[in-house]
Amino acid sequence: MRRLAPFAAFVLLAAGLWAHDFSAAGLSPAGTSVIDGRSYTKLTDPSGGAFFFSAEAEPSDARVTALKAIVSSIRSWTTVQPSQIRAINFADSLEVLVMPSSFKSGDLDLTQALPSGIHLFYDGGTTYDFKVKSGQYIVRIRGLYTGESDLVAHAVDAYKNPQTYAAAYDPVAILRRLLALESRTAGDAAKLQSLEARLSGDDAAIAALQKRAQRDETALMAALNGGKPINPASVARLSELKRGDPSLSKASAATQLEAGKLGLKPAELDIAFFVLFGER
C-alpha cells in the first residue's frame, strides 16, 4: 500500500475509506455523500456504474474483489431494478444494501413491500437478509445468495403467504414454537400453575412469564453473538428507545446509545434488532 502524508491519511480515515487504493480494482472515487447519518464515498468503475462505499475497517484486496463481484451481480438483476447501492465494510463482514426503484414479478409489484431494501452480507460466502411487508405482516427473508431468481422466489412466496412462510423459515418464530412446545409437554406442575394463573389474570404470573421470555431473548442474543452476552443495560435501553419511537433506525439507535455510554458493536446492534424487533 502506498505511503500517504499524515494529513491525507487523516482525510481518508475520516471519510471511511481508510488508506486503501481502489485503483487496482478499477474503481475511482467520485465525491462523498452523507446518507442516513453515515459518510460514504461514491466509487465508479470503467463502465460508469457507481455505488456508495463506507468502511469501519480497512478492506482487504479480497474483500474489495468480493464487493465488485456482488455489485456486478446486482447490476445484472432484471426483476429488481436498484435505485441505489451502498456498501459498508466491517472487520468481520461486508454489508451491501440495495434500495430498489422497481420490484415486479409477473402481476405482482413488491416495490413498496421492501421497507428497508435488500441486504446482502459477505463473510467468505454471500447471504441475503431483508424484510417483506405483506398486509399487516412483516416477514424476514434469509438465505444463501446464489443469484436473483432464488431471492425473488422467496420474496414472492413471503408476500403471497406471509404466515406460512414465517412459520417455515423465520428462526425467531421457530424458536418460540419450540419454547411453547417445551412449556406444553414438560409436565412441570409449576409451569401449569403459572399458565392457569395467567388465564385467571394473575399479574404476578404474567410478570414471571415475561421474565422468562426476556431470558430466552437474552440467551438467543448470546448464542447469535458467538456465546458472548450482550450488555443487558444496552439492550434494555434499546427496547425503551424503540417503544418510544417504533421507526427508530439502527444508525439513530447507535447514536443515542453511545450518548448514554451504552454503545453496542455493529454486530451486537444487528443481533438485538433482529431478536427484539425482527429487523435487520
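We did not get these values from a lab; they are worked out from the coordinates using the rules stated. In this text the structure is predicted, and so the values were computed from the model without any measurement.
Which whole-Hz ³J(HN,Hα) couplings does segment 110-116 yield from phi under the Karplus relation 6.51 cos²θ - 1.76 cosθ + 1.60, θ = phi - 60°, glycine and proline marked x?
9, 4, 8, 8, 10, x, 10
Once a ≥ b ≥ c are taken as the square roots of the eigenvalues of the Cα gyration tensor of segment 98-173, is the result rounded (a/c under 1.5), prolate (a/b larger than b/c) or oblate (a/b not larger than b/c)? Walk me through the intermediate numbers first.
Values: a/c = 1.64, a/b = 1.15, b/c = 1.44.
Note, shape of segment 98-173 comes out oblate.
Please list the non-local residues whose amide H lies under 5 Å from the amide H of Tyr40, H modeled 1.01 Å from N, same-chain partners needing a gap of 5 or more.
Here the answer is Ser33, Val34, Ile35, since their amide H atoms fall under 5 Å of that of Tyr40.
Subtracting the Cα-Cα distance from 0.36 nm times the residue separation, let me have the gained length for Thr65 to Ser23 in nm, one decimal.
Details: separation 42, 0.36 × 42 = 15.12 nm, distance 1.19 nm.
Answer, rounded to one decimal: 13.9 nm.
Rounded, prolate or oblate: which one fits segment 224-280, using the alpha carbon gyration tensor with axes a ≥ b ≥ c (rounded when a/c is under 1.5, else prolate when a/b beats b/c, else oblate)?
oblate
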